[in-house]
Amino acid sequence: MTDLLSELLAERDWLLGDGATGTTLFNMGLEAGEAPEIWNETHPDRIRALYDGAINAGSDIFLTNSFGGNFSRLKLHDRQNDVFTLNRIAAEIGREAADAAGRKIVVAGSVGPTGEIMEPVGELSFDSAVEIFEEQAKGLMEGGADVLWLETISAPEEYKAAAKAFQNVGAPWVGTMSFDTAGRTMMGVTATDMVAMVEGLENKPIAFGANCGVGASDLLRTLIGFGKANPSIPVVSKGNAGIPKYVHGHIHYDGTPELMGEYALLARDAGAKIIGGCCGTLPEHLVAMKAALESRPRGPVPDADTIRATLGEFSSDSDGLDAGTAPKRRNRRRDA
């Protein structure tokens, strides 16, 4: 059977993703150091409000509140024995929200990094990583997730371990990495490296791409890098809503809805088929993104000058694809 996400991708020119889970939950009262996944159990009404915010803003896909819901991360809160339950509840609330929407909406089970460093640099073995991902995946699928959504990954070994785990579970999936270090992931993966890795997987994702990172400008440059490698799989773009600033004791992202509307258009023109937001992206940003995508025609693939003029400077001179010495970082700031 064809999964819902593949069905929608075949029918639509683009799909609107969701926004920020963490930013929204902090606005609801989540405290620093709390595990958001525990709220699935203690504050299900707030998690339903999180999902409904994306649905009401027009999202075709939303991610469950389960990013850190794996054994290693929940162990920090002495909840490592509740991985399956907390993930199942996250997906169950999402399933109820999607089914009540009156239109086709994909419930994507969010799966973040293990939080540990894999061998040979660290101590986490490939097989252990597969087990960690598989336990979380089973809970999400039992709760009614349509697909699993791997995100914010830096190491290729961890991405491959998740692919194996999802294959073991028999679940369709999407996988994104975070290119936050001068056009590369923290572990050195470039945009073209990722395309080669994804295309070579036995269990390929439905879609792949980039999320989070430094800012929308950098992420769009990564999308252009994907395009240079001619991927056969649809591309995902989930950029942050501007640059974080510390204001009155809280992190605030300076990207306006209008700016995120422009980002969505450039992401589409750069080849993304699933377009959403990451940190700082609220329902009002999603509304502006959808309005822009629906009302303005497709344009050419943007170049660096267009991205810079529209969204602001890049964080470094390197897109991760150029050879030579380590790139210099620059102060990227745009008053939005």
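The values are calculated or read from the model by the stated rules, or taken from the named source; none is laboratory data. Please read these numbers as outputs of a predicted model, since none were measured by experiment. Methodologically, a virtual Cβ is constructed for each residue, glycine included, from the backbone with ideal geometry; neighbour enumeration extends over all protein chains shown.
Computed values, structure above
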item: Qualifying residue in the stretch 64-73 (condition: of a type in the set (Val, Ile, Thr), in a helix (DSSP H, G or I) and either in contact with an Asp or Glu (Cβ under 9 Å, 6 or more places away or on another chain) or under 26 Å from GLY255 (Cβ atoms) (or both)); result: no
item: Identity of the residue in the stretch 213-234, of a type in the set (Val, Ile, Thr) and not in a loop (DSSP other than H, G, I, E, B), that ends up farthest from GLY188 (Cα to Cα); result: ILE224
item: Scan of the stretch 293-303 for residues that are assigned to a helix (DSSP H, G or I), surrounded by fewer than 17 Cβ atoms within 10 Å (Cβ to Cβ) and under 23 Å from the mean Cα position of the chain (by Cα), ordered by number; result: GLU294
item: ARG95 vs. criteria within 20 Å of the chain's Cα centre (by Cα), more than 25 Å from VAL287 (Cβ to Cβ) and surrounded by 16 or more Cβ atoms within 10 Å (Cβ to Cβ); result: no
item: Hits in the stretch 191-219 (condition: within 28 Å of HIS285 (Cα to Cα) and surrounded by fewer than 22 Cβ atoms within 10 Å (Cβ to Cβ)); result: ILE206, CYS212
item: Residue identified as small (Gly, Ala, Ser), more than 16 Å from GLU135 (Cβ to Cβ) and assigned to a helix (DSSP H, G or I) among ALA90, ALA49; result: ALA49
item: Qualifying residue in the stretch 321-336 (condition: modelled with pLDDT under 95, farther than 30 Å from ALA32 by Cβ and surrounded by 14 or more Cβ atoms within 10 Å (Cβ to Cβ)); result: yes
item: Strands (runs of 3 or more DSSP E) contained in the stretch 99-206 and holding at least 3 residues more than 23 Å from ARG48 (Cβ to Cβ) and modelled with pLDDT of 95 or more; result: 147-153, 173-177
item: In the stretch 61-87, residue farthest from THR152 (Cα to Cα) [restricted to those that are under 17 Å from the mean Cα position of the chain (by Cα) and touching a residue at least 60 places away in the same chain (Cβ under 8 Å)]; result: ILE61
item: Any pair with Cβ under 7 angstrom, 6 or more apart, that starts in the stretch 272-295 at a residue that is within 18 Å of ILE243 (Cβ to Cβ) and of a type in the set (Ser, Thr, Tyr) and ends at one that is at pLDDT 95 or above and not in a loop (DSSP other than H, G, I, E, B); result: THR281/MET260
